[in-house]
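Shown next, in structure tokens, is the structure this report addresses.
The values are calculated or read from the model by the stated rules, or taken from the named source; none is laboratory data. Not measured: the values here are computed from a predicted model. Methodologically, a virtual Cβ is constructed for each residue, glycine included, from the backbone with ideal geometry; neighbour enumeration extends over all protein chains shown. Each accessible area value is taken on the protein alone, full model and side chains, heavy atoms only, with ligands, DNA and RNA left out. Shrake-Rupley method; radii C 1.70, N 1.55, O 1.52, S 1.80 Å.
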There are 2 protein chains.
Amino acid sequence: MTAAVLQATPGIMSPLTAGELEARLRDIGARRYHRLHPFHHLLHGGKCTKGQVQAWALNRYYYQAMIPQKDANLIARCDDSELRREWRSRLVDHDGEEGREGGVARWLKLTDGVGLDRDYVVSLRGLLPATRFAVDAYVHFVREKTLLEAIASSLTELFSPAIINERIDGMLKNYDFGSADTLAYFAKRPPLAQRDSDFALDHVKRNAKTPDAQQTVLKALEFKCDVLWSMLDALHHAYVTPKHIPPGAFVPNE
Amino acid sequence: MTAAVLQATPGIMSPLTAGELEARLRDIGARRYHRLHPFHHLLHGGKCTKGQVQAWALNRYYYQAMIPQKDANLIARCDDSELRREWRSRLVDHDGEEGREGGVARWLKLTDGVGLDRDYVVSLRGLLPATRFAVDAYVHFVREKTLLEAIASSLTELFSPAIINERIDGMLKNYDFGSADTLAYFAKRPPLAQRDSDFALDHVKRNAKTPDAQQTVLKALEFKCDVLWSMLDALHHAYVTPKHIPPGAFVPNE
């Protein structure tokens with residue numbers, strides 16, 4: 001962790017321009033996105049054991065599985081038909097449609113590829129409790145905060161194309177399960193993430209005009225960075241030596 | 001962690017007697033209560049630095065502060081006046097009344113005693129995100145699950161007198177801030193915890209009669225053990241060497 005990571009996001013006294021707001025949002029990503037997390041470096045640098053990759057894929061599955069419910073919660077509280085229709089494309093991407101597999105199904109190809117039993121993955125029996133609490137916090141955030149904050153919390157997608165490219169490169173190179181088929185999830189995501197985050201960023205820039213609103217937008221993105229970071233913290237604590245696997249969670253067979 | 005800790009709680013095929021149900025609940029405590037957590041051993045064995053004790057008191061403050069809201073959520077969904085009246089005593093214990101300080105105020109004497117600024121503690125600025133997610137998961141659980149599950153999730157109080165006595169002994173002996181005043185919270189809790197857990201245990205034994213209901217009761221207690229355990233996991237990961245303090249969280253001055 002660098003000193004820069006610890007630096008608090010400064011408060012806002014007078015309204016930021018749309019460009020300044022975007023710069024602040026991107027600055028949060030540069031300081032707090034989970035690409036900076038030690039577990040990300042281990043994973044994509046080929047330093048993880050098979051068991052650690054399994055634990056990551058298993059826990060991250062819960063995040064993937066809950067994203068459509070998160071998005072449906074957002075749509076459910078939105079009284080703007082155009083916005084609902086735009087956001088609906090996220091449901092299609094994750095849940096799929098006739099003749100087109102969705103992101104959740106593609107994630108299960110990854111968990112298959114790393115040797116996890118699919119029924120076990122889907123049962124969530126081996127999930128770290130901290131993963132469940134973090135992901136559920138995200139769903140509750142989207143259900144309970146303002147629509148503007150709910151949309152702003154999706155903005156980690158601004159930073160995901162870079163991390164996904166690192167994942168594809170690192171996984172194809174370093175692990176024997178890295179094939180085009182098991183990694184299909186990652187290959188498909190970047191253009192979708194780009195489209196979704198362009199839309200959400202534009203919405204936030206057009207709708208967050210007061211210092212208070214802009215502050216809630218920045219806080220929402222920090223919150224979401226905390227969700228992703230704490231998921232990797234939990235994995236690191238449980239599965240990187242010295243391991244501290246909590247009661248009931250997945251125990252790698254190694 | 002011992003093999004016993006990892007053992008899954010067995011399913012229920014036919015109804016348990018009230019005594020068998022109680023034995024299963026106590027067995028969960030014996031295997032999964034946070035008294036078994038390495039951070040508890042460090043803390044109460046006098047092996048923590050001042051900064052680690054501060055981090056523990058600061059993070060645990062959020063749990064204390066949210067307990068009355070958790071209890072109010074339970075009362076809010078309860079249509080039995082007698083049960084509401086009984087449960088109301090928990091609000092009194094935690095929030096206090098004219099001439100009688102509550103548990104939350106007593107906890108702040110502890111955070112004072114360990115040298116934390118009270119405004120900083122109450123602001124929650126330095127909280128570990130994982131603490132917030134775990135505590136909020138508890139509040140949401142009580143709001144969203146059945147009343148029986150909400151009541152059963154309070155049953156960790158069955159096991160708290162023992163851990164509290166270890167805390168008092170360990171803290172008076174090992175840390176220079178351990179005084180009767182700073183530790184007043186712990187001195188007051190055991191009889192209240194005993195009264196509350198007697199009530200909740202009796203309620204659960206009288207109301208959980210089918211295998212399905214009994215299973216949900218056991219799962220609710222496991223869930224609550226997971227909440228407490230994951231709070232100590234987060235502290236351990238962040239503040240025990242090698243430290244991994246997440247962005248924005250409390251950094252001890254040492």
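When the residues of the stretch B:213-231 are filtered to those that are of a type in the set (D, E, K, R) and facing another protein chain (nearest Cβ under 9 Å), the one that is surrounded by the most Cβ atoms within 10 Å (Cβ to Cβ) is B:226. Here residue B:136 fulfils each of the conditions (1) surrounded by fewer than 22 Cβ atoms within 10 Å (Cβ to Cβ); (2) within 15 Å of residue B:74 (Cβ to Cβ) apart from (2). Residue B:145 fulfils the conditions (1) under 30 Å from residue A:229 (Cα atoms); (2) more than 13 Å from chain A (Cβ to nearest Cβ) except for a single criterion, (2). Quick one: residue B:124 ticks every box in (1) modelled with pLDDT of 95 or more; (2) more than 13 Å from every other protein chain (Cβ to nearest Cβ); (3) open to solvent by 10 Å² or more (accessible area, probe 1.4 Å) except a single one, so which number is it? The failed condition is (2).
As for the stretch A:100-118, it holds at least one residue that is assigned to a helix (DSSP H, G or I) and open to solvent by 70 Å² or more (accessible area, probe 1.4 Å). Identify all residues within the stretch B:243-254 that are open to solvent by 20 Å² or more (accessible area, probe 1.4 Å), at pLDDT 95 or above and more than 7 Å from every other protein chain (Cβ to nearest Cβ); write none if there are none. Passing the criteria: only B:243.
Among the residues of the stretch B:204-225, those that are in a helix (DSSP H, G or I) and over 20 Å from the mean Cα position of the chain (by Cα) comprise B:205, B:206, B:207, B:211, B:212, B:213, B:214, B:215.
Limited to the stretch A:79-99, what total is found for residues that are in a helix (DSSP H, G or I), over 25 Å from residue A:179 (Cα atoms) and either without any contact (Cβ under 8 Å) to a residue 12 or more places away in the chain or hydroxyl-bearing (Ser, Thr, Tyr) (or both)?
Of the residues in that region, 5 qualify.
The rows are residues; the columns are (1) within 13 Å of another protein chain (Cβ to nearest Cβ); (2) crowded, with 21+ Cβ neighbours inside 10 Å; (3) within 25 Å of residue B:78 (Cα to Cα); (4) in contact with a Lys or Arg (Cβ under 9 Å, 6 or more places away or on another chain).
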| position | (1), (2), (3), (4) |
| --- | --- |
| B:162 | no, no, no, yes |
| B:172 | no, no, no, no |
| B:183 | no, yes, no, yes |
| B:194 | no, no, yes, no |
| B:197 | no, no, yes, no |
| B:211 | no, no, yes, no |
| B:233 | yes, yes, no, no |
| B:240 | yes, no, no, no |
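If you filter the stretch B:160-177 down to residues that are without any contact (Cβ under 8 Å) to a residue 24 or more places away in the chain and not acidic (Asp, Glu), you find that the one that is farthest from residue B:67 (Cα to Cα) is B:172.
A quick yes/no check of all residues on (1) surrounded by fewer than 20 Cβ atoms within 10 Å (Cβ to Cβ); (2) over 26 Å from residue B:162 (Cβ atoms); (3) within 14 Å of chain A (Cβ to nearest Cβ); (4) touching a Phe, Trp or Tyr at 6+ places or on another chain (Cβ under 6 Å):
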| residue | (1), (2), (3), (4) |
| --- | --- |
| B:42 | no, no, yes, no |
| B:59 | no, no, yes, no |
| B:66 | yes, no, yes, no |
| B:80 | yes, yes, no, no |
| B:98 | yes, yes, no, no |
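Restricted to the stretch A:46-66, and to residues that are assigned to a helix (DSSP H, G or I) and among the basic types (Lys, Arg), which residue is nearest to residue A:170 (Cα to Cα)? The qualifying residue nearest to residue A:170 (Cα to Cα) is A:50.
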